[in-house]
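> First the structure, which I've put down as structure tokens, then a few questions once you've had a look.
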Amino acid sequence: MNTPTILSINNLQVSYGAIAAVKGIDIEVREGELVCLIGANGAGKTTSMKAITGLLPWKNGDVSYLGQSLKGQAAYDRIRQGMIMVPEGRGVFARMTIVENLLMGAFIRDDQAEIQRDIERMFETFPRLKERAQQLAGTMSGGEQQMLAMARALMGRPKLLLLDEPSMGLSPIMVEKIFDVIRQVSAQGMTILLVEQNAKLALEAAHRGYVMESGVVSISGEAKSLLADPRVRAAYLGEE
Ligand code: ATP
């Protein structure tokens with residue numbers, strides 16, 4: 001894809017004290033791409049995501065967003081610039097209603113009429129949220145909360161949407177539904193970086209992918225080639 005680079009990660013190294021969790025990775029996400037980062041437990045995916053979003057400092061290397069280094073920038077500044085994450089475990093506001101959660105997603109905006117229009121759009125994409133508009137988010141199922149977390153993120157009109165393990169803890173049917181939405185949002189042109197343990201689903205939805213192993217990127221390329229790669233098939237797709 002020959003579109004502008006939105007996110008560029010160069011030789012990123014992140015440690016927890018003496019423990020090196022990310023050991024020099026390079027990742028690029030271009031406008032309109034759906035890029036996935038896959039790998040086993042402990043490979044360093046979540047740590048990478050936290051560094052990208054400003055929740056963890058990095059030791060060496062750099063992360064650039066929209067052409068500018070993010071070194072030393074607060075997490076809040078990234079959000080203002082349209083980098084919005086759906087965290088692992090969803091993080092919905094349990095004691096707020098669905099609508100209130102959606103409004104929280106738009107807290108950086110002040111275009112009230114457009115915000116209302118976007119809520120209606122979210123209800124079209126996620127009909128379940130419309131049925132439950134006044135329900136407290138904490139009383140919704142895991143899958144419904146994942147949908148709400150995605151809708152809340154979209155309310156911020158992201159330029160880059162970061163999804164951390166959206167399938168985690170969900171039933172197979174819910175996982176299918178969540179991925180239908182991810183594909184739909186991607187088809188509308190959203191730029192997405194998806195961290196996911198379910199390698200098959202992630203690669204089937206993505207344009208390109210990176211495989212992380214013990215803190216390094218071991219394989220990367222077009223999602224289709226990764227799906228056909230014998231190393232990926234053996235290690236991540238449960239095939240011989
Ligand atoms: P998972 O899918 O299980 O979340 P992951 O690929 O996201 O795995 P990370 O959570 O990034 O992996 O962990 C990478 C490495 O860093 C692991 O060895 C982990 O034990 C270590 N690690 C993660 N968080 C901490 C922490 N707070 N302190 C020390 N080590 C940590």
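The values are calculated or read from the model by the stated rules, or taken from the named source; none is laboratory data. What you see is a predicted model, and the numbers here were worked out from it, not measured in a lab. Don't worry about glycine lacking a Cβ; one is built from the backbone with ideal geometry, like all the others, and counts go over all protein chains shown. These accessible areas exclude ligands, DNA and RNA; they are computed on the full protein's heavy atoms, side chains included. Shrake-Rupley method; radii C 1.70, N 1.55, O 1.52, S 1.80 Å.
> Using a 1.4 Å probe over the heavy atoms of the protein chains, calculate the carbon and sulfur portion of the accessible area of the stretch 91-157 as a whole percent.
Carbon and sulfur atoms account for 53 percent of the accessible area of the stretch 91-157.
> If you don't mind, there's one more thing I want to ask. Counting residues in the stretch 50-130 as N, plug N into 2.2 N^0.38 Å and put the Cα Rg over that result.
Normalised by 2.2 N^0.38 Å, the Cα Rg of the stretch 50-130 equals 1.33.
> In addition: Decide, for the stretch 193-240, between rounded, prolate and oblate: order the square roots of the alpha carbon gyration tensor eigenvalues as a ≥ b ≥ c, take rounded if a/c falls under 1.5, and otherwise choose prolate if a/b is larger than b/c, else oblate.
Rounded.
> Would you mind calculating the relative contact order of the stretch 91-157 from Cα pairs under 8 angstrom and at least 6 residues apart, reporting the percent as a whole number?
Details: 76 pairs, mean separation 36.5, N = 67.
Averaging sequence separation for qualifying contacts and normalising by length gives 54 percent for the stretch 91-157.
> Going Cα to Cα from Lys45, which aspartates and glutamates come in below 14 Å? Please leave out same-chain ones fewer than 8 positions away.
Cα-Cα hits under 14 Å: Asp26, Glu88, Asp164, Glu165, Glu196, Glu213.
> Over the stretch 92-240, how many pairs of lysines fall under 22 Å by alpha carbon, counting only those 8 or more apart in sequence or from different chains?
Numbers: Lys130/Lys177; Lys177/Lys200; Lys177/Lys224; Lys200/Lys224.
The number of close lysine pairs in the stretch 92-240 is 4.
> Continuing with the same structure: Please work out how much length the chain gains when fully extended from Ala234 to Glu213, using 0.36 nm per residue of separation minus the C-alpha to C-alpha distance, in nm with one decimal.
Values: separation 21, 0.36 × 21 = 7.56 nm, distance 1.40 nm.
Contour length minus Cα-Cα distance gives 6.2 nm.
> For a Förster distance of 45 Å, can you work out the FRET efficiency between the beta-carbons of Gln188 and Ala18, rounded to the nearest 0.05?
E between Gln188 and Ala18, to the nearest 0.05, is 0.55.
> Here's a follow-up. At 1.4 Å probe radius, can you tell me the per residue accessible area of the chain in Å²?
46 Å²
> Across 10 Å bins from the origin, how do the percents of Cα pairs in the stretch 91-157 run, short distances first?
Values per bin, smallest distances first: 25, 59, 16, 0.
> With N set to the number of residues, divide the alpha-carbon radius of gyration of the chain by 2.2 N^0.38 Å and report two decimals.
This ratio for the chain stands at 0.99.
> Is any residue of the stretch 197-231 close enough, with backbone N under 14 Å, to a label point placed 7 angstrom from the Cα of Asp180 along the Cα-Cβ axis, and if so, which?
none
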